[in-house]
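*Asks:* Here you go, one structure.
The values are calculated or read from the model by the stated rules, or taken from the named source; none is laboratory data. Keep in mind that what you see is a predicted model, and the values were worked out from it rather than measured. So basically every Cβ, Gly included, is an ideal-geometry build from the backbone, and we count neighbours across all protein chains shown.
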């Protein structure tokens, strides 16, 4: 595999992996088939996969299971990543109950909150723990990925505490922008996505 994969390609690799997972054990898959399922063109698929140690056969395609493995290697999904969820409100509880994490190489290592009424309650297989214990939990459970699922007003503080505890990557679900140094931040903003959908709906309607 090459030493650096462009960010745009990295963003498409999980899409390819999901598409290939639906075809697991089926033999081969052409770049055209993968492109059709992923919603891109076949030239883009071939260019993206050229960054991997994946060898397609002209006229045959790629071995599905081998390609899935190469994509997982490229994304660093060769071992399980425990994650910590900051915030045990409705969103945090929904995320903690999400069964798809383990399928993609992640597990809920901890879910934390500052509300004493929530601490000690059970969410799926996890027990809500205190944010006061964040540093010890991150260190003891080797957690490097955190999810911010707090109200917007507390998101920045939660992110700073996660980074201070040793978390190096953060997925922000809070409806606000957070900024911290020494950590990769990705934002999931449902309202923004809905606004984008509204724009495209308007364009299609010609209004």
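*Asks:* Residue by residue through the stretch 142-170, note down the ones that are closer than 20 Å to residue 93 by Cβ and either out of contact with any helix residue (DSSP H, G or I) (no Cβ under 9 Å at 6 or more places or on another chain) or at pLDDT below 95 (or both).
*Replies:* 145, 151, 152, 153, 154, 155, 159
*Asks:* Looking at the stretch 114-159, which of the residues that are in contact (Cβ under 8 Å) with a residue 60 or more places away in the chain and part of a loop (DSSP other than H, G, I, E, B) is surrounded by the fewest Cβ atoms within 10 Å (Cβ to Cβ)?
*Replies:* Filtering the stretch 114-159 for residues that are in contact (Cβ under 8 Å) with a residue 60 or more places away in the chain and part of a loop (DSSP other than H, G, I, E, B), the one surrounded by the fewest Cβ atoms within 10 Å (Cβ to Cβ) comes out as 142.
*Asks:* Can you name every residue in the stretch 167-184 that is crowded, with 16+ Cβ neighbours inside 10 Å and either within 17 Å of the chain's Cα centre (by Cα) or closer than 17 Å to residue 110 by Cα (or both)?
*Replies:* The answer is 167, 169, 170, 171, 172, 173, 174, 183.
*Asks:* Now for a separate question. Just a yes or no: is a residue in the stretch 79-87 at pLDDT 90 or above, over 19 Å from residue 21 (Cα atoms), over 17 Å from the mean Cα position of the chain (by Cα) and buried (at least 19 other Cβ atoms within 10 Å of the Cβ)? If you could, list the steps in order and put the result at the bottom.
*Replies:* To start, the set of residues in the stretch 79-87 that are at pLDDT 90 or above comprises 81-87.
This time we only want the ones that are over 19 Å from residue 21 (Cα atoms), so: 81-87.
Okay, now just the ones that are also over 17 Å from the mean Cα position of the chain (by Cα), so 87.
This time we only want the ones that are buried (at least 19 other Cβ atoms within 10 Å of the Cβ), so: 87.
The answer is yes, given that some residue of the stretch 79-87 is at pLDDT 90 or above, over 19 Å from residue 21 (Cα atoms), over 17 Å from the mean Cα position of the chain (by Cα) and buried (at least 19 other Cβ atoms within 10 Å of the Cβ).
*Asks:* One residue is enough: does the stretch 55-68 have a residue meeting the conditions in a helix (DSSP H, G or I), within 20 Å of the chain's Cα centre (by Cα) and surrounded by 15 or more Cβ atoms within 10 Å (Cβ to Cβ)?
*Replies:* Residues of the stretch 55-68 that are in a helix (DSSP H, G or I), as a first pass: 64-68.
Add one more test, that the residue is within 20 Å of the chain's Cα centre (by Cα), and what stays is 67-68.
Next, only the ones that are surrounded by 15 or more Cβ atoms within 10 Å (Cβ to Cβ) stay: 67-68.
So far as the stretch 55-68 goes, yes, one or more of its residues are in a helix (DSSP H, G or I), within 20 Å of the chain's Cα centre (by Cα) and surrounded by 15 or more Cβ atoms within 10 Å (Cβ to Cβ).
*Asks:* Every residue in the stretch 160-207 that is over 19 Å from residue 83 (Cα atoms) and in contact (Cβ under 8 Å) with a residue 24 or more places away in the chain, please.
*Replies:* 176
*Asks:* Restricting to the stretch 185-207, what's the tally of residues that are surrounded by 15 or more Cβ atoms within 10 Å (Cβ to Cβ) and on the phi > 0 side of the Ramachandran plot?
*Replies:* 0
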